[in-house]
């Protein structure tokens with residue numbers, strides 16, 4: 001039996017994670033719990049804002065041609081910054097990879113009115129984090145991460161095999177939906193054989209308590225999540241025992 005790491009991120013993100021894990025000698029499977037969908041949106045008058053803040057590469061990808069290229073743009077991390085550059089934004093400041101660090105970066109600059117293109121639902125509220133600094137944030141929802149209706153046939157087959165040992169929840173909504181879906185399939189008893197790697201304590205709380213174990217990463221970053229998955233798998237199934 002070969003143990004499997006399952007990632008619940010949207011499809012493009014999940015495929016990147018699987019490529020990284022496969023390179024580490026880990027068998028990984030993409031099983032997206034959320035599907036990225038565009039939202040119609042209208043930006044506020046650009047003369048009322050003096051900078052852009054981005055906490056998601058999916059939001060950044062939807063800003064091409066939006067007229068924001070001359071505004072400073074604060075991005076949560078490198079992946080989002082790259083997406084912002086691809087969308088034509090020029091004056092990019094890259095944060096350390098987490099929301100709190102991004103808020104500290106923004107507070108070091110003299111901006112008072114920001115636009116925040118975001119998902120309909122977000123795990124971290126950058127607007128609330130900046131409010132004590134006297135910085136006003138105009139939030140505009142530009143996409144939705146909608147729950148999928150069912151597991152893919154491949155995901156369901158692997159889950160039924162009992163080989164999934166680690167599940168990655170980069171968001172509470174994805175982890176919560178995975179828990180709900182696996183119980184709906186009558187496979188809830190398998191949670192006791194799986195370790196959940198959660199990006200935050202909030203996300204872990206949404207995933208329920210039926211798991212074999214839940215690990216919350218110290219830094220809410222993609223690399224930390226993936227490395228925690230490899231470490232968790234190797235603790236239970238050392239490399240010499242893998243088949």
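Since every read-out is calculated from the coordinates, none of them should be taken as a lab result. None of the values given here were measured: they were computed from a predicted structure. No Cβ is skipped: glycine too gets one built from the backbone with ideal geometry, and neighbour counts run over all protein chains shown.
As a proxy for reagent exposure, 1, 33 were ordered by neighbouring Cβ count within 10 angstrom, fewest first; the result is 1, 33. When only Cα pairs below 8 angstrom with a gap of at least 6 residues are kept, the stretch 37-146 shows a relative contact order of 31 percent. Classify the stretch 37-146 from the C-alpha gyration tensor, please: rounded if a/c falls under 1.5, else prolate or oblate depending on whether a/b exceeds b/c. It comes out rounded by the Cα gyration axes.
Counting other beta carbons within 10 Å of each Cβ, put 73, 18 in order, fewest first. Could the numbers behind the result be given before it?
Details: 73 26, 18 20.
In increasing order of surrounding Cβ atoms, one gets 18, 73.
When the chain is treated as a Gaussian network with alpha carbon springs shorter than 10 Å, the biggest mean-square fluctuation among 42, 193, 179 belongs to 42. Taking a ≥ b ≥ c as the square roots of the eigenvalues of the Cα gyration tensor, the stretch 163-243 is classed as oblate, since a/c reaches at least 1.5 and a/b does not exceed b/c. Between helix 172-184 and the chain, what is the angle of the helix's C-alpha long axis to the longest principal axis, kept within 0 to 90° and rounded to the nearest 10? Helix 172-184 sits roughly 30 degrees off the main axis of the chain.
Largest GNM mean-square fluctuation across 104, 165, 57, computed for the chain with C-alpha springs under 10 Å, falls on 104.
Relative contact order, percent, of the chain when contacts are C-alpha pairs under 8 Å separated by at least 6 residues?
21
Fewest first, what order do 139, 221 take by the number of other Cβ atoms within 10 Å? Intermediate values should be presented prior to the final figure.
On the way: 139 15, 221 19.
Exposure proxy ranking, most exposed first: 139, 221.
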